[in-house]
Amino acid sequence: MKHPVVIVCAGGGGVGKTTASAAFALALAKSGYRALIVSIDPARRLADAMGVELGTQARELSIDSGNGQLFGLMPDPEDALRTFVEFLFAEEPEALARLLDNRLYRALEAAVPGIHEVATISLTWRAITEHEVDAVVIDTAPSRNAVDFITYPKRLAKLLGGRAVGWMAAIGKRTSVAPEEDKMGRVEQLLVRALGPVARDVAGLFSEMARVRKRFILLNEHTSDLLLRPETRYYPVASPTAAARDDVDYLIKKLAKLDIAPRALILNSAFVPERDWVHVLEESGETTPSIDDVLSTLNDERATRNRAASRITEAFSKRYPSLPQLRLPFVESVEPRSIVHTLSQSFDIAALLER
(Lines give C-alpha, C1' and ligand atoms only; values in the text may rest on other atoms or scores of the structure.)
Protein backbone atom coordinates (compact mmCIF):
# COMPACT_ATOMS: atom_id res chain seq x y z
CA MET A 1 0.00 0.00 0.00
CA LYS A 2 1.28 3.48 -0.90
CA HIS A 3 1.78 5.69 2.12
CA PRO A 4 -0.38 8.83 2.24
CA VAL A 5 1.00 12.30 2.83
CA VAL A 6 0.87 12.74 6.62
CA ILE A 7 0.70 16.19 8.24
CA VAL A 8 0.73 16.68 12.01
CA CYS A 9 -0.33 20.05 13.47
CA ALA A 10 0.67 20.68 17.09
CA GLY A 11 0.44 23.68 19.40
CA GLY A 12 -0.77 25.00 22.71
CA GLY A 13 -4.36 25.76 23.61
CA GLY A 14 -6.24 28.66 22.08
CA VAL A 15 -3.99 29.22 19.06
CA GLY A 16 -6.54 28.10 16.44
CA LYS A 17 -4.78 24.79 15.79
CA THR A 18 -7.94 22.82 15.02
CA THR A 19 -9.20 25.50 12.64
CA ALA A 20 -5.83 25.61 10.86
CA SER A 21 -5.73 21.80 10.65
CA ALA A 22 -9.22 21.66 9.17
CA ALA A 23 -8.32 24.41 6.67
CA PHE A 24 -5.18 22.51 5.66
CA ALA A 25 -7.19 19.32 5.06
CA LEU A 26 -9.84 21.21 3.12
CA ALA A 27 -7.17 22.80 0.93
CA LEU A 28 -5.75 19.34 0.20
CA ALA A 29 -9.19 18.07 -0.81
CA LYS A 30 -9.80 21.09 -3.04
CA SER A 31 -6.43 20.35 -4.67
CA GLY A 32 -7.56 16.86 -5.67
CA TYR A 33 -6.48 14.72 -2.72
CA ARG A 34 -8.60 12.16 -0.92
CA ALA A 35 -7.90 13.79 2.42
CA LEU A 36 -8.66 12.77 6.00
CA ILE A 37 -8.77 15.19 8.93
CA VAL A 38 -8.31 13.47 12.32
CA SER A 39 -8.65 15.09 15.73
CA ILE A 40 -7.00 13.73 18.87
CA ASP A 41 -8.25 16.75 20.82
CA PRO A 42 -10.54 15.45 23.60
CA ALA A 43 -12.37 18.80 23.52
CA ARG A 44 -13.79 17.73 20.14
CA ARG A 45 -13.48 21.19 18.51
CA LEU A 46 -13.15 19.69 15.02
CA ALA A 47 -16.89 19.02 14.74
CA ASP A 48 -17.57 22.71 15.39
CA ALA A 49 -14.90 23.77 12.89
CA MET A 50 -16.39 21.59 10.15
CA GLY A 51 -20.01 22.28 11.08
CA VAL A 52 -20.97 18.58 11.19
CA GLU A 53 -21.28 15.70 13.62
CA LEU A 54 -18.12 13.56 13.70
CA GLY A 55 -17.35 10.32 15.50
CA THR A 56 -15.39 7.09 15.60
CA GLN A 57 -16.25 6.14 12.01
CA ALA A 58 -14.74 8.39 9.33
CA ARG A 59 -17.42 10.20 7.32
CA GLU A 60 -17.26 12.19 4.11
CA LEU A 61 -17.52 15.97 4.38
CA SER A 62 -18.58 18.59 1.86
CA ILE A 63 -15.77 20.61 0.26
CA ASP A 64 -18.01 22.85 -1.93
CA SER A 65 -15.45 23.00 -4.76
CA GLY A 66 -12.49 21.04 -6.12
CA ASN A 67 -12.18 17.48 -7.41
CA GLY A 68 -10.93 15.71 -4.29
CA GLN A 69 -12.71 14.29 -1.23
CA LEU A 70 -12.55 15.05 2.47
CA PHE A 71 -13.25 12.66 5.34
CA GLY A 72 -13.43 13.49 9.03
CA LEU A 73 -12.58 11.29 12.04
CA MET A 74 -12.98 12.38 15.66
CA PRO A 75 -13.25 9.42 18.06
CA ASP A 76 -14.96 10.12 21.36
CA PRO A 77 -12.52 9.57 24.26
CA GLU A 78 -15.23 7.57 26.02
CA ASP A 79 -15.58 4.94 23.27
CA ALA A 80 -12.40 5.19 21.17
CA LEU A 81 -10.69 2.29 22.94
CA ARG A 82 -13.83 0.14 22.81
CA THR A 83 -14.15 0.70 19.05
CA PHE A 84 -10.47 -0.05 18.51
CA VAL A 85 -10.64 -3.26 20.57
CA GLU A 86 -13.73 -4.41 18.67
CA PHE A 87 -11.82 -3.80 15.44
CA LEU A 88 -8.80 -5.67 16.76
CA PHE A 89 -10.86 -8.67 17.94
CA ALA A 90 -13.20 -8.75 14.93
CA GLU A 91 -12.31 -12.41 14.26
CA GLU A 92 -12.27 -13.42 17.96
CA PRO A 93 -15.79 -12.64 19.29
CA GLU A 94 -15.56 -14.94 22.31
CA ALA A 95 -12.17 -13.51 23.32
CA LEU A 96 -13.62 -10.01 22.89
CA ALA A 97 -16.47 -10.80 25.27
CA ARG A 98 -14.01 -12.07 27.90
CA LEU A 99 -11.80 -9.04 27.46
CA LEU A 100 -14.66 -6.57 27.87
CA ASP A 101 -15.64 -8.37 31.07
CA ASN A 102 -12.09 -8.16 32.45
CA ARG A 103 -11.88 -5.76 35.41
CA LEU A 104 -8.38 -4.60 34.53
CA TYR A 105 -9.44 -3.81 30.96
CA ARG A 106 -12.38 -1.76 32.25
CA ALA A 107 -9.99 0.22 34.44
CA LEU A 108 -7.66 0.80 31.48
CA GLU A 109 -10.57 1.90 29.32
CA ALA A 110 -11.53 4.58 31.81
CA ALA A 111 -8.29 5.85 33.28
CA VAL A 112 -4.98 5.30 31.51
CA PRO A 113 -3.38 8.43 29.95
CA GLY A 114 -2.56 8.00 26.29
CA ILE A 115 -5.18 5.33 25.60
CA HIS A 116 -7.32 7.76 23.60
CA GLU A 117 -4.34 8.82 21.47
CA VAL A 118 -3.27 5.24 20.75
CA ALA A 119 -6.81 4.18 19.81
CA THR A 120 -7.36 7.23 17.61
CA ILE A 121 -4.13 6.76 15.66
CA SER A 122 -4.91 3.08 15.15
CA LEU A 123 -8.41 3.95 13.94
CA THR A 124 -6.78 6.46 11.60
CA TRP A 125 -4.98 3.61 9.86
CA ARG A 126 -8.30 1.78 9.51
CA ALA A 127 -9.86 4.87 7.90
CA ILE A 128 -6.88 5.25 5.54
CA THR A 129 -7.30 1.72 4.24
CA GLU A 130 -11.11 1.81 4.11
CA HIS A 131 -11.33 5.08 2.17
CA GLU A 132 -8.07 4.81 0.19
CA VAL A 133 -6.92 8.12 1.64
CA ASP A 134 -3.80 9.71 0.16
CA ALA A 135 -3.41 12.66 2.57
CA VAL A 136 -3.95 12.84 6.34
CA VAL A 137 -3.96 15.87 8.63
CA ILE A 138 -3.72 15.07 12.35
CA ASP A 139 -4.95 17.69 14.82
CA THR A 140 -3.19 16.94 18.11
CA ALA A 141 -4.39 17.77 21.60
CA PRO A 142 -3.82 21.41 22.67
CA SER A 143 -0.86 20.79 24.94
CA ARG A 144 2.90 21.10 25.14
CA ASN A 145 2.89 17.30 25.50
CA ALA A 146 0.79 16.89 22.36
CA VAL A 147 3.59 15.16 20.43
CA ASP A 148 4.24 12.50 23.08
CA PHE A 149 1.79 10.18 21.30
CA ILE A 150 4.20 9.92 18.36
CA THR A 151 6.22 7.23 20.10
CA TYR A 152 3.28 5.32 21.64
CA PRO A 153 2.61 2.90 18.75
CA LYS A 154 6.27 1.90 18.43
CA ARG A 155 6.61 1.37 22.17
CA LEU A 156 3.40 -0.68 22.30
CA ALA A 157 4.48 -2.84 19.37
CA LYS A 158 7.75 -3.52 21.19
CA LEU A 159 5.93 -4.29 24.42
CA LEU A 160 3.39 -6.64 22.84
CA GLY A 161 6.13 -8.35 20.85
CA GLY A 162 8.16 -9.07 23.97
CA ARG A 163 8.51 -12.35 25.80
CA ALA A 164 6.66 -10.99 28.84
CA VAL A 165 3.33 -11.11 26.99
CA GLY A 166 3.69 -14.79 26.15
CA TRP A 167 4.77 -15.50 29.70
CA MET A 168 1.79 -13.66 31.21
CA ALA A 169 -0.53 -15.33 28.71
CA ALA A 170 0.70 -18.73 29.89
CA ILE A 171 -0.04 -17.74 33.47
CA GLY A 172 -3.48 -16.64 32.30
CA LYS A 173 -4.25 -20.09 30.97
CA ARG A 174 -3.21 -21.67 34.25
CA THR A 175 -5.28 -19.24 36.31
CA SER A 176 -8.35 -19.19 34.10
CA VAL A 177 -10.30 -21.28 36.61
CA ALA A 178 -8.25 -21.08 39.80
CA PRO A 179 -4.56 -20.45 40.49
CA GLU A 180 -2.68 -23.77 40.32
CA GLU A 181 0.57 -22.84 42.03
CA ASP A 182 1.94 -26.39 41.89
CA LYS A 183 2.13 -26.02 38.08
CA MET A 184 3.88 -22.65 38.24
CA GLY A 185 7.50 -21.68 38.52
CA ARG A 186 8.72 -19.80 41.57
CA VAL A 187 8.61 -16.38 39.90
CA GLU A 188 5.10 -17.05 38.64
CA GLN A 189 3.98 -18.07 42.13
CA LEU A 190 5.46 -14.89 43.63
CA LEU A 191 3.73 -12.74 41.00
CA VAL A 192 0.34 -14.35 41.62
CA ARG A 193 0.72 -13.92 45.38
CA ALA A 194 1.83 -10.29 45.02
CA LEU A 195 -1.06 -9.37 42.76
CA GLY A 196 -3.55 -11.16 44.95
CA PRO A 197 -7.19 -11.04 43.78
CA VAL A 198 -6.35 -9.17 40.57
CA ALA A 199 -3.83 -11.78 39.41
CA ARG A 200 -6.44 -13.55 37.29
CA ASP A 201 -7.52 -10.26 35.67
CA VAL A 202 -3.94 -9.26 34.85
CA ALA A 203 -3.09 -12.66 33.44
CA GLY A 204 -6.43 -12.88 31.63
CA LEU A 205 -5.89 -9.53 29.94
CA PHE A 206 -2.52 -10.63 28.59
CA SER A 207 -3.95 -13.99 27.60
CA GLU A 208 -6.63 -12.37 25.43
CA MET A 209 -4.19 -9.83 23.95
CA ALA A 210 -1.87 -12.68 23.01
CA ARG A 211 -4.58 -13.98 20.66
CA VAL A 212 -4.37 -10.84 18.51
CA ARG A 213 -0.74 -9.99 19.21
CA LYS A 214 0.41 -10.35 15.60
CA ARG A 215 -2.40 -8.16 14.31
CA PHE A 216 -1.81 -5.60 17.06
CA ILE A 217 1.94 -5.46 16.38
CA LEU A 218 1.38 -5.08 12.65
CA LEU A 219 -1.18 -2.33 13.19
CA ASN A 220 1.12 -0.47 15.56
CA GLU A 221 4.03 -0.80 13.17
CA HIS A 222 1.89 0.73 10.42
CA THR A 223 0.79 3.64 12.61
CA SER A 224 4.31 4.16 13.97
CA ASP A 225 5.60 4.30 10.41
CA LEU A 226 2.98 6.91 9.57
CA LEU A 227 4.20 9.17 12.37
CA LEU A 228 7.96 8.59 12.31
CA ARG A 229 8.87 8.14 8.65
CA PRO A 230 11.04 10.99 7.26
CA GLU A 231 8.30 12.09 4.85
CA THR A 232 5.83 12.89 7.65
CA ARG A 233 5.43 16.65 7.97
CA TYR A 234 5.16 18.43 11.31
CA TYR A 235 3.76 21.94 11.58
CA PRO A 236 3.82 23.84 14.89
CA VAL A 237 0.86 26.20 15.13
CA ALA A 238 0.95 29.52 16.99
CA SER A 239 -0.94 32.77 17.42
CA PRO A 240 0.48 36.25 18.10
CA THR A 241 0.99 35.80 21.86
CA ALA A 242 4.04 35.29 24.04
CA ALA A 243 2.52 32.11 25.50
CA ALA A 244 2.03 30.61 22.03
CA ARG A 245 5.61 31.54 21.12
CA ASP A 246 6.92 29.73 24.21
CA ASP A 247 4.78 26.66 23.42
CA VAL A 248 6.23 26.49 19.91
CA ASP A 249 9.78 26.75 21.30
CA TYR A 250 9.03 23.83 23.62
CA LEU A 251 7.45 21.70 20.86
CA ILE A 252 10.33 22.28 18.46
CA LYS A 253 12.80 21.14 21.14
CA LYS A 254 10.70 18.03 21.78
CA LEU A 255 10.55 17.21 18.09
CA ALA A 256 14.32 17.68 17.83
CA LYS A 257 14.79 14.94 20.43
CA LEU A 258 12.95 12.63 18.02
CA ASP A 259 15.13 13.81 15.12
CA ILE A 260 12.14 15.57 13.59
CA ALA A 261 12.47 19.02 12.02
CA PRO A 262 9.27 21.02 11.41
CA ARG A 263 8.52 21.81 7.76
CA ALA A 264 7.00 25.23 8.50
CA LEU A 265 5.39 27.30 11.21
CA ILE A 266 1.68 28.06 10.86
CA LEU A 267 0.92 31.43 12.42
CA ASN A 268 -2.76 32.19 12.90
CA SER A 269 -4.06 35.77 12.88
CA ALA A 270 -0.69 36.92 11.55
CA PHE A 271 -2.26 39.97 9.92
CA VAL A 272 -5.61 41.71 9.62
CA PRO A 273 -6.67 42.21 6.00
CA GLU A 274 -8.00 45.59 4.99
CA ARG A 275 -11.76 45.88 5.13
CA ASP A 276 -13.13 47.00 1.78
CA TRP A 277 -16.33 48.29 3.32
CA VAL A 278 -14.34 50.57 5.63
CA HIS A 279 -12.79 52.31 2.61
CA VAL A 280 -16.23 52.69 1.04
CA LEU A 281 -17.53 54.46 4.15
CA GLU A 282 -14.42 56.60 4.55
CA GLU A 283 -14.61 57.82 0.96
CA SER A 284 -18.36 58.36 0.92
CA GLY A 285 -18.16 61.79 2.56
CA GLU A 286 -21.55 61.15 4.16
CA THR A 287 -20.56 59.58 7.48
CA THR A 288 -21.76 60.70 10.89
CA PRO A 289 -19.61 61.36 13.98
CA SER A 290 -20.69 58.02 15.40
CA ILE A 291 -19.65 56.18 12.24
CA ASP A 292 -16.34 58.06 12.24
CA ASP A 293 -15.71 56.91 15.81
CA VAL A 294 -16.42 53.28 14.84
CA LEU A 295 -14.12 53.50 11.80
CA SER A 296 -11.36 55.01 13.92
CA THR A 297 -11.74 52.24 16.49
CA LEU A 298 -11.63 49.56 13.80
CA ASN A 299 -8.50 51.05 12.23
CA ASP A 300 -6.80 51.30 15.63
CA GLU A 301 -7.71 47.68 16.37
CA ARG A 302 -6.31 46.53 13.05
CA ALA A 303 -3.07 48.44 13.61
CA THR A 304 -2.71 47.00 17.14
CA ARG A 305 -3.27 43.42 15.95
CA ASN A 306 -0.80 43.85 13.09
CA ARG A 307 1.87 45.26 15.41
CA ALA A 308 1.46 42.34 17.83
CA ALA A 309 1.63 39.84 14.97
CA SER A 310 4.72 41.53 13.51
CA ARG A 311 6.53 41.26 16.84
CA ILE A 312 5.85 37.52 17.02
CA THR A 313 6.77 36.81 13.40
CA GLU A 314 10.02 38.75 13.81
CA ALA A 315 10.80 36.84 17.00
CA PHE A 316 10.25 33.51 15.23
CA SER A 317 12.35 34.66 12.27
CA LYS A 318 15.26 35.42 14.61
CA ARG A 319 14.91 32.14 16.51
CA TYR A 320 14.38 29.93 13.46
CA PRO A 321 15.72 31.76 10.39
CA SER A 322 15.49 28.66 8.17
CA LEU A 323 11.93 27.74 9.22
CA PRO A 324 9.33 29.00 6.70
CA GLN A 325 6.25 30.75 8.10
CA LEU A 326 2.76 30.28 6.75
CA ARG A 327 0.95 33.40 7.93
CA LEU A 328 -2.82 33.07 8.04
CA PRO A 329 -5.11 36.11 8.21
CA PHE A 330 -7.34 37.14 11.06
CA VAL A 331 -10.85 36.24 9.89
CA GLU A 332 -13.84 38.19 11.13
CA SER A 333 -16.59 35.61 11.42
CA VAL A 334 -18.65 33.94 14.10
CA GLU A 335 -19.21 30.89 11.91
CA PRO A 336 -16.33 28.35 12.40
CA ARG A 337 -17.00 26.61 9.09
CA SER A 338 -16.80 29.93 7.27
CA ILE A 339 -13.42 30.60 8.91
CA VAL A 340 -12.13 27.19 7.81
CA HIS A 341 -13.19 27.77 4.20
CA THR A 342 -11.64 31.25 4.18
CA LEU A 343 -8.34 30.06 5.66
CA SER A 344 -8.13 27.12 3.25
CA GLN A 345 -7.49 29.65 0.48
CA SER A 346 -4.19 30.59 2.18
CA PHE A 347 -2.69 27.12 1.72
CA ASP A 348 -0.63 26.71 -1.45
CA ILE A 349 -0.63 22.91 -1.37
CA ALA A 350 1.79 22.42 -4.28
CA ALA A 351 4.36 24.75 -2.70
CA LEU A 352 3.92 23.29 0.80
CA LEU A 353 4.34 19.68 -0.32
CA GLU A 354 7.46 20.49 -2.31
CA ARG A 355 9.35 21.30 0.89
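The values are calculated or read from the model by the stated rules, or taken from the named source; none is laboratory data. As the structure is a prediction and not an experimental result, all values here were calculated from the model. Cβ sites come from the backbone with ideal geometry, for glycine too, and all protein chains shown count toward neighbours. Just the protein is used for accessible areas: all its heavy atoms, side chains included, with ligands, DNA and RNA removed. Shrake-Rupley method; radii C 1.70, N 1.55, O 1.52, S 1.80 Å.
Here are the numbers for the structure shown:
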{"quantity": "Helices (runs of 4 or more DSSP H) contained in the range 234-340 and holding at least 1 residues open to solvent by 20 Å² or more (accessible area, probe 1.4 Å) and touching a strand residue (DSSP E or B) at 6+ places or on another chain (Cβ under 7 Å)", "calculated": "242-257, 289-319"}
{"quantity": "Qualifying residues in the range 210-233 (those that are basic (Lys, Arg) and in a helix (DSSP H, G or I)) - the one farthest from LEU258 (Cα to Cα)", "calculated": "ARG211"}
{"quantity": "Test: residue in the range 52-69 that is free of Cβ contacts under 8 Å to residues at least 40 places away in the same chain, within 15 Å of the chain's Cα centre (by Cα) and surrounded by fewer than 23 Cβ atoms within 10 Å (Cβ to Cβ)", "calculated": "yes"}
{"quantity": "Positions within the range 15-34 being farther than 17 Å from MET50 by Cα and among the small types (Gly, Ala, Ser), in sequence order", "calculated": "SER31, GLY32"}
{"quantity": "Strands (runs of 3 or more DSSP E) fully within the range 1-93 counting 3 or more residues that are charged (D, E, K, R), within 21 Å of ASN268 (Cβ to Cβ) and in contact with a helix residue (DSSP H, G or I) (Cβ under 7 Å, 6 or more places away or on another chain)", "calculated": "none"}
{"quantity": "Selected residue [closer than 30 Å to SER239 by Cβ and in contact (Cβ under 8 Å) with a residue 12 or more places away in the chain] from ASP48, ASP79", "calculated": "ASP48"}
{"quantity": "From the options ARG263, ARG305, residue that is of a type in the set (D, E, K, R), modelled with pLDDT of 90 or more and touching a Phe, Trp or Tyr at 6+ places or on another chain (Cβ under 8 Å)", "calculated": "ARG263"}
{"quantity": "Some residue of the range 101-110 being part of a loop (DSSP other than H, G, I, E, B), farther than 25 Å from LEU218 by Cβ and at pLDDT below 80", "calculated": "no"}
